[in-house]
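Okay, structure first, notes after.
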Amino acid sequence: MKWLCLLIGMAGLQAGCVEGEDTMDGGDGMNWPFFRGNASLSGYTDRSLPRNPSLLWSYKSGVRTVSSPIVYGGTTYWCDKKGQVRGIGLEGKETFIYDLGSPVEATPMVHDSVLYIGRMDGWMSAISLETCDTLWNFETMGQISASPNRVGFEGRKAIVFGSYDNYLYCVDERTGQEINRFESGYYLNGAVALWKKHVLFGGCDSWIRVIDCKTGMRTDSLLIDAYVPASPAIRGDYAYVGDYAGDIYELNLEGGKITRQRKVFVATDEGGSFVSVPAVTNDRLYVLSGDRHLYAIDRIDGTVSWKYLLKGRVGESSPVVCSDKVIVCTKTGIVSILDAKSGVLEWEYDTGEQIIGSPAIIKDHFFILTAKGTLFCFGNN
């Protein structure tokens with residue numbers, strides 16, 4: 001494999017999350033290891049955004065990407081369509097580069113100084129951030145377009161991901177050896193969301209499936225009204241997923257089963273499709289709709305607490321709730337911060353470039369990656 005590696009100042013990387021827990025790696029607030037922050041893809045963090053955000057720096061790679069940024073030990077990582085994994089330190093300097101030799105669209109995941117990433121040629125790769133080397137490769141027969149996830153069961157830790165060959169794979173995180181696989185009958189395009197030792201995912205065949213990662217067996221499934229363009233988001237024993245028709249479903253999970261389901265938000269004639277992942281807090285859902293609105297929806301009665309009309313096309317970027325604020329990006333390139341309770345706009349920034357990925361948030365900073373491969377770092381001046 002063709003490769004190039006540059007590695008500077010990798011000391012201080014943090015150890016990772018406990019198996020099966022919905023946590024971020026480390027305890028110092030410097031990590032955002034999944035594209036939605038945690039393995040449940042909830043899009044919620046109790047970290048606060050900077051009080052008066054200012055652009056601290058920007059880094060231009062000049063190579064297009066559809067990845068979201070992830071952060072580990074204060075270094076931001078992503079991969080581009082040429083297959084180059086980049087790491088940009090907290091001062092805005094390139095500290096890591098690794099050439100996979102194959103185009104990549106997926107967002108990486110990182111745990112315990114190892115970066116896991118799927119490639120368009122069908123391989124899942126594990127890359128050591130400390131030695132700048134490939135630890136293992138696992139081959140599938142179709143492209144891998146979504147971020148992997150991580151699950152633990154009976155002392156074993158595994159990486160879980162889907163492929164366009166119609167299989168969901170569960171492989172040992174240390175060796176890359178296959179533990180099991182599940183055939184969905186349709187290609188897997190989105191990231192799976194973790195619930196205990198199970199994962200949930202939807203698809204273009206309109207089915208939502210629950211898979212036991214220990215056995216590789218489906219424990220339940222649900223056919224909904226339209227196809228599911230994005231991943232579920234889970235909080236506690238409840239999963240939320242939006243469909244292309246403009247409905248949002250709430251699924252109650254018990255014992256590996258979907259015990260109850262309802263539409264917590266019903267599509268309207270004026271509404272749009274949901275192509276991004278919801279953000280879930282204790283009492284609300286925050287969803288970005290194709291009608292250009294960001295909606296705050298009460299989880300109990302499904303009422304719209306507020307909605308905010310964003311500027312330009314919304315695209316696939318997913319909102320993130322940071323304590324009492326919501327940060328959201330549009331495909332047009334505008335980053336907005338709103339009060340989570342009232343929906344009042346508090347801050348806005350126009351990057352001038354398309355944004356497809358979701359934000360990454362660490363202590364005192366947040367990061368936005370554009371489709372042109374420009375990384376913006378915001379913090380307090």
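The numbers here are math on the coordinates, done by the rules we state, and not lab data. Remember, it's a predicted structure, so these values are computed and weren't measured experimentally. Neighbour counts run over all protein chains shown; Cβ positions are idealised from the backbone, glycine included.
Using Cα pairs closer than 8 Å and at least 6 residues apart in sequence, work out the relative contact order for the chain, in percent.
16
I want to check the label-to-label distance for Ser54 and Asp99. Put each point 7 Å from Cα in the C-beta direction and report it in nm to one decimal.
Distance between label points: 3.9 nm.
Using a Gaussian network model on the chain with a 10 Å cutoff between Cα atoms, which of Phe274, Phe153, Phe201 fluctuates the most?
Top of the fluctuation ranking is Phe153.
Place the peptides 170-183, 208-221 in order of packing, highest mean first, counting for every residue the other Cβ atoms within 10 Å and averaging per peptide.
Highest-to-lowest ranking by the protection proxy: 208-221, 170-183.
What is the set of long-range amide H partners of Leu100 at a cut-off below 5 Å, with H atoms built 1.01 Å from backbone N?
Under 5 Å from the amide H of Leu100: Gln84, Val85.
Ranking Arg51, Arg313 by Cβ neighbours within 10 Å, fewest first, what do you get?
Arg51, Arg313
Just subtract the alpha-carbon distance of Lys307 and Val344 from 0.36 nm times their residue separation and send over the number in nm, one decimal.
Between Lys307 and Val344, full extension yields an extra 12.4 nm.
Among Tyr169, Tyr77, Tyr164, which comes first, second and so on when ranked by fewest other beta-carbon atoms within 10 Å?
Fewest-to-most Cβ neighbours within 10 Å comes out as Tyr164, Tyr169, Tyr77.
Step through the table entries Lys60/Lys93; Lys60/Lys372; Lys263/Lys311; Lys196/Lys325; Lys331/Lys372, compare each Cα-Cα distance with 19 Å, and write down the pairs that go over it.
Violating the 19 Å Cα-Cα cut-off are Lys263/Lys311; Lys196/Lys325.
Taking 0.36 nm per residue of sequence separation and subtracting the Cα-Cα distance, how much length would be gained by fully extending the chain between Lys82 and Glu353, in nm to one decimal?
Value of the extension gain: 95.6 nm.
Sort the following peptides by mean Cβ neighbour count (other Cβ atoms within 10 Å, averaged over residues), highest first: 229-239, 331-341.
Packing order, densest peptide first, comes out as 229-239, 331-341.
Is the shape of segment 59-161 best called rounded, prolate or oblate, per the rule: a/c under 1.5 gives rounded, else a/b larger than b/c gives prolate, else oblate, with a ≥ b ≥ c the square roots of the Cα gyration tensor eigenvalues?
Here segment 59-161 falls in the oblate category.
Could you order peptides 355-366, 86-97 by the average number of other Cβ atoms within 10 Å of their residues, highest first?
In decreasing order of mean packing, 355-366, 86-97 become 355-366, 86-97.
Lys263 to Leu223: extension gain in nm, 0.36 nm per residue of separation minus the Cα-Cα distance?
Working it through step by step, the gained length comes to 13.1 nm.
Please rank Thr303, Thr107, Thr370, Thr75, fewest neighbouring Cβ atoms within 10 Å first, as an exposure proxy.
Arranged by neighbour count, lowest to highest, Thr303, Thr107, Thr370, Thr75 become Thr303, Thr370, Thr75, Thr107.
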